[in-house]
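Read the structure below first, then the notes.
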Amino acid sequence: PVEIDGAGTGMTITGLGIRLREVFAITGANAQGKTSLLEAILSGEDDHAAGDGREHLVTLPGIARVDATNLDIRGGDVSRFFSSLPPGMGGTVRSATGRGSGSLSMAWRIQEAVRKKRPIIVIDEDCAAINLLVPCYCGTEAVQPLSSLIRKDREWLGDTSIVVAGSSMEMLIARCDRILTLKGHQAEAVSKEQYCRELAVFYRQMSRDLCVLPDPGKDEES
């Protein structure tokens, strides 16, 4: 938590405090308040009426909320995420033209936000292209997900921070600098070490479950 002394008020406010250049994760089960917390961060750009419950929500202007809505792209740079363009797109990865897929459109939004030095990029799993965020079994080598990009080249972000919210983006959450989990609508901090340990246990169990699956090629009676 971050403590801020209010000038002339004698009040000390303790709060979340998103830091420059950090990747921050908000995770937890379904319907625990992840998106609501993102909305609170976004609302911090606006002035608040006294007594509306948001007096201490303050966010730098210029937040970029990126999603996977398809875009008509004209000369968009997606080279950080794509090594080659998918079918239907013209140009090059540094100057792509055409109707972008959800993942390509989201890649362009993220790169534009970094290029314009936006203070915060907000990503909500519910409206994101997951294959652009984490490695997928059916993914292609042409796409470098955000989790891999963060691991390899954090300097590319400059001073821009990223806030992600979701429950199934484990490989991205594991790369984050800080992790906040919501349980019963209560916020708790989780260390990266603890998260990765528990995630490894979860993946090992999944692996064992895969190994005992019946062979679909065999007759059930045999």
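Considering only GLY76, GLY184, GLY166, give the residue with the highest GNM mean-square fluctuation for the chain, with springs between Cα atoms whenever their separation is below 10 Å.
Of GLY76, GLY184, GLY166, the Gaussian network model singles out GLY184 as fluctuating most.
List the relative contact order of region 88-222 as a percent without decimals, with contacts defined as Cα pairs under 8 Å and 6+ residues apart.
That works out to 18 percent.
Provide the net charge surrounding ARG154, with neighbours chosen by a C-beta distance below 15 Å and charges set as Lys +1, Arg +1, Asp -1, Glu -1.
After counting each charged neighbour, the total is +3.
What is the sum of charges around THR35, taking Lys and Arg as +1, Asp and Glu as -1, for the other residues whose C-beta is under 13 Å from the C-beta of THR35?
Charge balance in the 13 Å sphere: -3.
Where does helix 192-211 land angle-wise versus the long Cα axis of the chain, in degrees 0 to 90, nearest 10?
20
If you fit an axis through the alpha-carbon atoms of helix 34-43 and take the longest principal axis of the Cα set of the chain, what angle between them do you get, 0 to 90°, nearest 10?
40
Once you've got the GNM for the chain with C-alpha springs shorter than 10 Å, pick whichever of GLY102, GLY91, GLY53 has the biggest mean-square fluctuation.
GLY53
Tell me, what is the percent relative contact order of region 1-143, built from C-alpha pairs under 8 Å that lie six or more residues apart?
20
Which value in deg cm²/dmol, rounded to the nearest 500, describes the helix-derived mean residue ellipticity at 222 nm for the chain, given -39,500 (n - 2.57) per DSSP H run of n ≥ 4 and division by the residue count?
-8000 deg cm²/dmol
Using the heavy atoms of the protein chains alone and a 1.4 angstrom probe, what is the accessible area of region 1-62 per residue in square angstrom?
Ligands and nucleic acids excluded, the result is 64 Å² per residue.
How much of the accessible area of the chain, in percent, comes from carbon and sulfur atoms when a 1.4 Å probe is used?
Result for the chain: 52 percent of the exposed heavy-atom area is carbon or sulfur.
Return the loop-located chymotrypsin sites (Phe, Trp or Tyr not before Pro) in region 110-210 (DSSP other than H, G, I, E, B) with at most 11 other Cβ atoms within 10 Å of their own Cβ; answer none if there are none.
When the chymotrypsin sites (Phe, Trp or Tyr not before Pro) of region 110-210 are filtered for loop state and at most 11 Cβ neighbours within 10 Å, TYR137 remain.
Measure nothing but the geometry: give the 0 to 90° angle between the long axis through the Cα atoms of 102-115 and the longest principal axis through the Cα atoms of the chain, rounded to 10°.
40
Of the GluC sites (Glu not before Pro) in region 75-141, which ones lie in a loop per DSSP and count no more than 13 other C-beta atoms within 10 Å?
Answer in residue order: GLU141.
The values are calculated or read from the model by the stated rules, or taken from the named source; none is laboratory data. Note that the coordinates shown come from a computational prediction; the quantities given were computed from them, not determined experimentally. Glycine also receives a Cβ, built like all others from the backbone with ideal geometry; neighbour counts cover every protein chain displayed. The protein model used for the area step is the full one, side chains on, heavy atoms only, and it has no ligands, DNA or RNA in it. Shrake-Rupley method; radii C 1.70, N 1.55, O 1.52, S 1.80 Å.
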